[in-house]
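None of the figures in this text is laboratory data; all of them are computed from the coordinates on show. As the structure is a computational prediction, the values presented were derived from the model and not from experiment. Cβ coordinates were reconstructed from backbone atoms using ideal geometry, including for glycine residues, and neighbour counts include every protein chain displayed.
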Amino acid sequence: MAYSVRDIARVIGADIVGDGDVKITHVTDLDNGTVGSLSFAISRQYVKSLQATQASAVIVPADLVAHCEMVALVSDNPSLSFARAVRYIYPADELIPGIHPSAIISDECEVANNVAIGPNVVINAKCTIGDNSVIGPGCIITAPCFIGAYANLIARVSIVGPASLGERVIVHPGAVIGSDGFGLANDRGVWEKIPQLGRVVIGNDVEIGANTTIDRGALQDTVIDDGVKLDNQIQVAHNVKIGAHTAIAGCAGIAGSAKIGKYCGIGGGAGIQGHIEIADGVQVTGMTKISQSIQHSGVYTSGTAAQDNKTWLRNALRFKELDRIARRLQDLEKRLANKKG
Amino acid sequence: MAYSVRDIARVIGADIVGDGDVKITHVTDLDNGTVGSLSFAISRQYVKSLQATQASAVIVPADLVAHCEMVALVSDNPSLSFARAVRYIYPADELIPGIHPSAIISDECEVANNVAIGPNVVINAKCTIGDNSVIGPGCIITAPCFIGAYANLIARVSIVGPASLGERVIVHPGAVIGSDGFGLANDRGVWEKIPQLGRVVIGNDVEIGANTTIDRGALQDTVIDDGVKLDNQIQVAHNVKIGAHTAIAGCAGIAGSAKIGKYCGIGGGAGIQGHIEIADGVQVTGMTKISQSIQHSGVYTSGTAAQDNKTWLRNALRFKELDRIARRLQDLEKRLANKKG
Amino acid sequence: MAYSVRDIARVIGADIVGDGDVKITHVTDLDNGTVGSLSFAISRQYVKSLQATQASAVIVPADLVAHCEMVALVSDNPSLSFARAVRYIYPADELIPGIHPSAIISDECEVANNVAIGPNVVINAKCTIGDNSVIGPGCIITAPCFIGAYANLIARVSIVGPASLGERVIVHPGAVIGSDGFGLANDRGVWEKIPQLGRVVIGNDVEIGANTTIDRGALQDTVIDDGVKLDNQIQVAHNVKIGAHTAIAGCAGIAGSAKIGKYCGIGGGAGIQGHIEIADGVQVTGMTKISQSIQHSGVYTSGTAAQDNKTWLRNALRFKELDRIARRLQDLEKRLANKKG
C-alpha cells in the first residue's frame, strides 16, 4: 500500500516543502531510511542523520527544512505528527466481532455490539462490555466490572476485583487489575488480613503495560484518571490516585494511598512512598525514591551516579560518616574564625 | 444486611461506650463516614476526622473515647479490631465446590472434599489438594505439589516446580511458584544452565501477591515460613529462606540464598543481596539496598532523599569525590593541629 | 538410578582421585552431603565443609584434593563440571510429542516434527515452530513468530508482537514477548500512542525468566543476542539491544533504545537509562542506576550502603548540602593557603 506525501500531509495537518506526489510505503527512523520511507527529526541534533538519510520524506520543524534534500512535511511537533502518520499508514487491524466458542462467559454479562471475545476467555462475574471492545485470548474476569467502548484487553489480562474501565482503555498481557491491596493488621507479631472492599476506577484513554498490577482500594477506590499511561511491571497499591495525563515508566512502584497529580512524569524504577502527595506537573527521574510530599512542579532526583566500584566504595564509606565530616568542617571554621578575632 | 454495634463488639471483643443497638450496614474510613457506617481511628492524629465524621460507630483506643460523639467500641488495637469487624460484616463468598468441566486434571491428582477448581485450570502433575481449597480460573500446575486445606489460588497462578503449600495460603493472579532459579555456570564466557532440583516450601497462612515470583531451590529448597506476607511483584530467588511472620512490600527483590529472619518488615522496592543473613525483627525501608548481613534488629536505610534535580546533580558530583573531600578535611585538621603545636 | 564416579568423570572430563567404582545416586551441596551424593567445592573457602561433608564424591579444583577423604573429581571449573554432572544424573524429561486436544492452533501455523503443544495453548497467528520444541500449557501467541528447534516455552508465555526466537530458547511462565513499547507523543499535555512496528529478535540459547517483559521495537527491533540469560521480572523496553552472553539478574530494568554489550553482568534491580551504550564486559552491581554510557569494562556501582535509619537520616540531610560543604572546605583551604603566603 502506498500513500502520497500530499495525503499524509493532509491527515497530519502539515505543510509540504517539495513534491507532494512522492509515494510513501513505510516508515523508518532516519538512519534506516530507504526509498519510499517516511521518517522524522525533532531537532537540530539530527541534522547529520537528516542529511545522510535515504528516506523519501521527513517530518521536521520549520528550522530543519533547509537541511532536507527530500520532501519535507513541516510540523511544530514532529513526534506527534509522525505518530499520526504511522496510524494512518498502518491502520489497526479491523475488529472481527464474535465470541470464540472456547470462551466461558457468565449469563449475567452484558456484551454490547461489535465486541470480540477471544479463545479461552473466562468471565464469571456480572460484567458490562462496551461497543467495539476486544477481550483478547486468555483474559479472566472474576469480579463485577464495567468496560467502556473501544477497550482492548490484548491478552491474558486478569480483572479480579470490582473495576470500572473507561473508553479506549488498552491493557497489555499479564496485567492484574483489582487484586487485594496489601492490607494487614498486626496481632502481637502475627499479621491478619484486612479485607479489601474498594474498586479500581480507570478513566478514558488509559494504557496499562504488561505485567503491571493495580490493587483494589481498601475502603475507598484506587483511581487512575483519564489519559494516564502506565508502562510495564508497575505496581499501583491500594487507594492510590493518579491524576490525568500522567505517564509512569516501567518498574515504578506507587505505595498505598499515595496521590500523584496531573501531567506528571515518573521515571522507570522510581518509588513513591505511601500516603504522600505529589503536585501536578512533577517529573521524577528514573530510580528516584520519593519519601515526602512534593508541593511544587519541577524535576526531582535521589540517589547517586554510578562510578567504578572501588572508587564508589571509598565514597560510600565516607557517606556513612558524612554528618561527622560536616561537623568537623564546622569546627574548623569556628576555630579559624576565633583565630581571626 | 445490618449488624448491631453490640454484635460487632462481641465478635471483636471490644467494650461499648454508647448505644449498643445502633445498626451498622457498612464500613468506611472516617472522612467518608455516613449513617450506618463503622469506622476506626488508631491515634490522636485522627481527632479532627473523628470529630467531623458522620460514621455511626467507631473503633478507637480508650484515650480517644472522649472525642467520640457517636458510639465507640474500645480496643487496644483498632486496626486489628476493624479488620475483624470487616470480616464479620463482609464474610467471604461461600465456596461452591466442584470441578469446572473445562478444567484439565491429571488422574494422578488427589482432590480432597469441598474443593472448587475453576474454568481452564490445568493440573498435569501429581498434586494433592486439601479440603476446602479453591484453585481459581486459569491456574496451571505442572509439577508435583501439595496444597493444604483452605488454600485459595485466586486465578492464573502457575506452579511449575515441585512445591508444598500450607493451609490457608492465598496466592494472587500471575504469581509463579517453582520456576527455575537463575543458576548458571560459566564456560569461558558462555553461560551453561545448572539444573534446578529443589522445591518451594510455603508454610501456613502465607499470602503471595500478584505477579510475585518464587523460584525453586537449586539443591536445597526455597522456604517461606508460616505467616509470611508477600505483596505484588516480589522476586524471591532460589534457596531463599524467609522467616515466619515477615512482611515484604511490593517490588522488593530477594537474591539467591539470602536468609531473612522472623518478624521482619521489608519495604517496597528494597533489594536484599544474595548469600547474606538478616536477623529477626529487622525493618528495611523502601528502596533500600542491603548488601551485607544484619546482625541486630532495627531500622535500616540506604540511598539519599530526593531533591530538585539541579541541586541533586551538584551534590551527586561531589559524592563522586567524597573520599577526597574527607581527606582534604583531614589535611586541614592536621595543619591546624601542627600550627597550634 | 545409580551412576559410577567413573561414568560421571568421563562425561564431565574430570580426573578421578580415589575409587572410580563409588556409586552416585543424587547430588547435594556439601553441608547436606549423604552416602551416594555428589557435591562440589569451588575454592579454599569451602575447606571446612569439604572436611565435614558426608558426600560420597566431590568435584574440586586440584588444590583442594588434599582435603578430600572421599573420592575427588578434579576440575578447573567445578561449578561447570557440577552443572554437567547434574544434567547427566537428572536428564530432562523426555518430550512427549503431540498437540493437546484443548489447544487452539491457527491453520496458518507450521509445526515441525516432534513438537509438544500443551493444554489450553492458543496460537492465532502465522507461526513456525521448530523441531523438538515445547509450547507449554496456557501459552498464547497472537502475532507472527518463528520459534527455533528445541525451544521450551514452559507455560503461560505470551508472544503478542512479531518475534523470532532462536534454538534452545527457554521462556519461563508469565513472560511477555512483543508487547507494545512505551511510545508516546505529547499533544499539549495529552499523550498519544505511537504505534509500535518493530519485532523482538531473540538469539540461540537465550533464557527468559518468569514474568519478564520484552517490548517489541518501535521502528527497529528489540534484539537479545545469543546466550543472553535474563532472570525473573526484568523489563526490556523497545529497541533495546543486549549483546551475546550477557546475564541480567532479577528485577532489572532496561529503558528504551539502551544498548548493552557482550559478556556483561547486570545485577538485580539495576536500572539502565534509555539511549545509552554500555561496553562489552561491564559489570553493574545490584540496584545500581546507570544514567550515562559506559565506555570501559569494569565494575560499576551507584547508591549508598545501608545504615541504621537514624544515622542514615543525618547523613542523608548532609548529602542535600554536599556541594555547599565542598565549597566551604575549599574556602578554608584558600584562607589557610593565603595565611601561609
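Rounded, prolate or oblate: pick one for the range C:109-149, where a ≥ b ≥ c are the square roots of the eigenvalues of its C-alpha gyration tensor, a/c under 1.5 means rounded, and failing that, prolate if a/b is larger than b/c, else oblate. Present the calculation step by step, with values, prior to reporting the outcome.
Values: a/c = 2.11, a/b = 1.10, b/c = 1.92.
It comes out oblate by the Cα gyration axes.
Rounded if a/c is under 1.5, else prolate if a/b beats b/c, else oblate: with a ≥ b ≥ c from the C-alpha gyration tensor eigenvalues square-rooted, which is the protein assembly as shown?
Rounded, because the longest to shortest axis ratio a/c is under 1.5.
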**OP:** Name the residues whose placed amide hydrogens come within less than 5 Å of the amide hydrogen of A:I140, ignoring near sequence neighbours (fewer than 5 apart) on the same chain.
**Re:** A:V122, A:V157, A:S158, A:I159
Subject >> Gyration tensor verdict on the range C:3-89 (Cα atoms; rounded if a/c is under 1.5, prolate if a/b is larger than b/c, oblate otherwise) >> reply: rounded
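To the nearest 0.05, what FRET efficiency results for C:T311 and A:S297 with a Förster distance of 30 Å applied to their C-beta separation?
The computed FRET efficiency comes out at 0.35.
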Subject >> Förster-model FRET efficiency, 41 Å R0, B:Y88 and A:D107, C-beta, rounded to 0.05 >> reply: 0.85
Original post:
Which distance in nm do the two modelled labels at B:N186 and C:R188 give, with both placed 7 Å along the Cα-to-Cβ direction?
Top reply: 5.5 nm
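Tell me, what is a quarter of the convex hull surface for the C-alpha atoms of chain B, in nm² with one decimal? Mind showing how you got there, number by number?
Values: hull surface 110.1 nm².
About 27.5 nm², averaged over all directions.
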Original post:
Given a cut-off of under 8 Å on Cα pairs at least six residues apart, what relative contact order in percent is computed for chain C?
Top reply: 6 percent
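Where Rh is the Kirkwood radius over the Cα pairs of the range C:207-336, the temperature 10 °C and the viscosity 1.306 mPa s, what D in µm²/s does Stokes-Einstein return? Kindly include the intermediate steps, with their values, before the conclusion.
Numbers: Rh = 16.2 Å.
My calculation gives 98 µm²/s for D.
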Original post:
Summing Lys, Arg as +1 and Asp, Glu as -1, what charge do residues with Cβ under 11 Å from the Cβ of B:H296 carry, B:H296 excluded?
Top reply: -2
Original post:
Taking the Cβ of A:N124 as the center, what net charge do the other residues with Cβ under 11 Å away carry, scoring Lys and Arg +1 and Asp and Glu -1?
Top reply: -1
Original post:
When you take every Cα atom in the range B:98-300, what is the radius of gyration, and what is Dmax, the widest Cα pair distance, in Å?
Top reply: 17.0, 55
Subject >> Relative contact order, percent, the range A:98-300 [alpha-carbon distance under 8 Å, six or more residues apart] >> reply: 10 percent
**OP:** Please work out how much length the chain gains when fully extended from A:N114 to A:T34, using 0.36 nm per residue of separation minus the C-alpha to C-alpha distance, in nm with one decimal.
**Re:** 24.9 nm
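How much mean residue ellipticity at 222 nm does chain C get from its helices, if each DSSP H run of length 4 or more adds -39500 (n - 2.57) and you divide by all residues, to the nearest 500 deg cm²/dmol? Don't jump to the answer; show the numbers that get you there.
Values: 5 runs with 56 residues, N = 341.
So the calculated ellipticity at 222 nm is -5000 deg cm²/dmol.
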Original post:
With the calculation restricted to Cα positions, what are the radius of gyration and Dmax of the range A:178-279 in angstrom?
Top reply: 13.3, 45
Original post:
How many angstrom lie between the C-alpha centres of the range C:68-95 and the range C:105-133?
Top reply: 34 Å
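Taking 8 Å as the Cα distance limit and 6 or more residues as the minimum spacing, I'd like the relative contact order of the range C:182-341 as a percentage.
Values: 395 pairs, mean separation 18.4, N = 160.
Computed over the range C:182-341, the figure is 12 percent.
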**OP:** Check the straight Cα-Cα distances from A:K48 and name the aspartates and glutamates below 16 Å, setting aside those fewer than 8 residues away within the same chain.
**Re:** A:D29, A:D31, A:D63, A:E69
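I'd like the antiparallel share, as a percent to the nearest 5, of DSSP beta bridges with both residues in the protein assembly as shown.
Numbers: 33 of 243 bridges.
Taking every DSSP beta bridge with both residues in the protein assembly as shown, the antiparallel ones total about 15 percent.
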**OP:** Let me know the longest stretch in chain A that avoids all GluC sites (Glu not before Pro) found in a DSSP loop with at most 15 other C-beta atoms within 10 Å.
**Re:** A:109-341
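Taking K and R as +1 and D and E as -1, what net charge do the other residues with C-beta under 12 Å from the C-beta of C:G261 add up to? Walk me through the numbers before you get to the answer.
On the way: positive: C:K241, C:K259, C:K262; negative: C:D225, C:E277, C:D280.
Net local charge, C:G261 excluded: 0.
If you restrict to DSSP beta bridges whose two residues both lie in chain B, what percentage is antiparallel, to the nearest 5? Let's see the in-between values first.
Details: 9 of 79 bridges.
Roughly 10 percent of the DSSP beta bridges within chain B come out antiparallel.
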